[in-house]
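Since the structure comes first, as structure tokens, the remarks are kept for the end.
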Ligand SMILES: Cc1cc2nc3c(=O)[nH]c(=O)nc-3n(C[C@H](O)[C@H](O)[C@H](O)COP(=O)(O)O)c2cc1C
């Protein structure tokens, strides 16, 4: 017998997509939600690069998935080179995977970046004070933070220098692929943005 969270929506794939957006929206504010910790994949010189990020914001109307990164990190250069990304969300407990792909934009000095920075508390901003660009070789297992920084007492004013290293990545989703792991047999559905709405179809698992 089918027991997965999406089984009830199999005859209404339009509602199924709304439920998936609900899950994504929850992932943006609930650190216990599976969607809070996606894998973000980019391309560098034709080769894949993937890493975990935190989903920070979702905009269903604009089809946006948003995360925050260090402007000096390789993933930003990769998106500059090829402005596309794929996000992979995996709910181990509920047994499903969602892949979301689309054109991806770097926001450095605009309203979105300013608002995300304003909403980031001091400890979250601290990593943008890192003296070394992410990926820089180091002589030993050094924490990449300024000397004498105390994360327990750090004030917002003390983190302002980090703003120069802070940016936001926003993917406009044009393709979703849901893989529903079901003991009774796996089921898979794809949605593609047609410019006005979503075209969906069931596909082989
Ligand atoms: C649980 C977890 C969450 C992470 N969240 C972020 C994030 O939101 N933004 C980010 O830039 N890096 C995040 N990282 C670090 C990245 O996975 C990655 O290692 C780092 O950003 C360097 O990526 P790059 O060299 O591909 O640019 C996270 C790592 C872990 C383990």
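Just so you know, all these numbers are worked out from the coordinates, no wet-lab data involved. Owing to the predicted nature of the structure, the values given are computational and were not obtained by experimental measurement.
Looking only at 69, 88, 143, which one moves most when the chain is put into a Gaussian network model with springs between Cα atoms under 10 Å? Comparing 69, 88, 143 in a Gaussian network model of the chain, the most mobile one is 143. What is the angle, in °, between the Cα long axis of helix 13-29 and the longest principal axis of the Cα atoms in the chain? Nearest 10 is fine, range 0 to 90. Relative to the chain, helix 13-29 is tipped by roughly 20 degrees. Counted over the chain, the DSSP beta bridges are approximately 100% antiparallel. Here is how the number arises for the chain: DSSP H runs of 4 or more residues each give -39500 (n - 2.57), the sum is divided by the residue count, and the result at 222 nm is -5000 deg cm²/dmol.
Just checking the listed ones, 90, 189, 132: in the Gaussian network model of the chain with Cα springs under 10 Å, the one fluctuating most is 132.
Summary of the geometry: segment 182-199 and segment 1-80, compared by the centres of their Cα atoms, lie 15 Å apart. Please check: in the Gaussian network model of the chain (C-alpha springs, under 10 Å), which one of 181, 15, 24 has the largest mean-square fluctuation. It is 15.
In plain terms, the chain from residue 88 to residue 111 could stretch by 5.6 nm, reckoned as 0.36 nm per residue minus the Cα-Cα distance.
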